[in-house]
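All remarks here apply to the structure that follows.
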């Protein structure tokens, strides 16, 4: 009978079994934490991209509304007479008897206002874009905003 008891396990765990279980548990926890970290990073990037897209849409809508509702009185600017002037990287118009200048410089869109076209106040940054352009085709204004893969083209009737 003594021989039977010597071959049987009497209960409890060996230190080696506990260490193996702890190692396997820590590997599983590590894999789960890497997966969760990746998921959080992806969600943050999606949120940031969505916020940028919303800002682009809001800004283009606000700019097009202001330009559409501008004063229609003709004024002289750099030798030409019109109620809307576009020169390179900026546009100039008058609304509610104030002059507004939208200017794209150093990858930022700025707006400034003033009581006359020669004395504009300080610039306020509206947003940062990789590329932004103003293009006039007859009586239409095209505002082309690019930010990463996203491109927003807003067409405004200047009539």
*Treat each spin label as a single point 7 Å out from the Cα along the C-beta direction, and report the residue 95 to residue 123 distance in nm.*
1.9 nm
*Quickly estimate the mean residue ellipticity at 222 nm for the chain, helices only: each DSSP H run with n ≥ 4 gives -39500 (n - 2.57), and the total goes over all residues, rounded to 500.*
-13500 deg cm²/dmol
*Report the FRET efficiency, 1/(1 + (r/R0)^6), for residue 137 and residue 113, where r is their Cβ-Cβ distance and R0 is 25 Å, rounded to 0.05.*
0.40
*What FRET efficiency, computed as 1/(1 + (r/R0)^6) with R0 = 25 Å and r the Cβ-Cβ distance, is obtained for residue 41 and residue 149, rounded to the nearest 0.05?*
0.85
*asked:* Under 8 Å for C-alpha pairs, at least 6 residues apart: give me the relative contact order for the chain, rounded to a whole percent.
replied: 13 percent
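Which shape class applies to region 67-159: rounded if a/c is under 1.5, otherwise prolate when a/b exceeds b/c and oblate if not, where a ≥ b ≥ c are the square roots of the Cα gyration tensor eigenvalues?
On the way: a/c = 2.09, a/b = 1.36, b/c = 1.54.
It comes out oblate by the Cα gyration axes.
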*By how many degrees, between 0 and 90 and to the nearest 10, does the Cα long axis of helix 15-68 differ from the longest principal axis of the chain?*
10 degrees
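Every number here is computed from the coordinates shown, using simple stated rules; none is lab data. Remember, predicted model here, so these are calculated numbers, not experimental data. Positions of Cβ are backbone-derived with ideal geometry, glycine not excepted, and every protein chain shown enters the neighbour counts.
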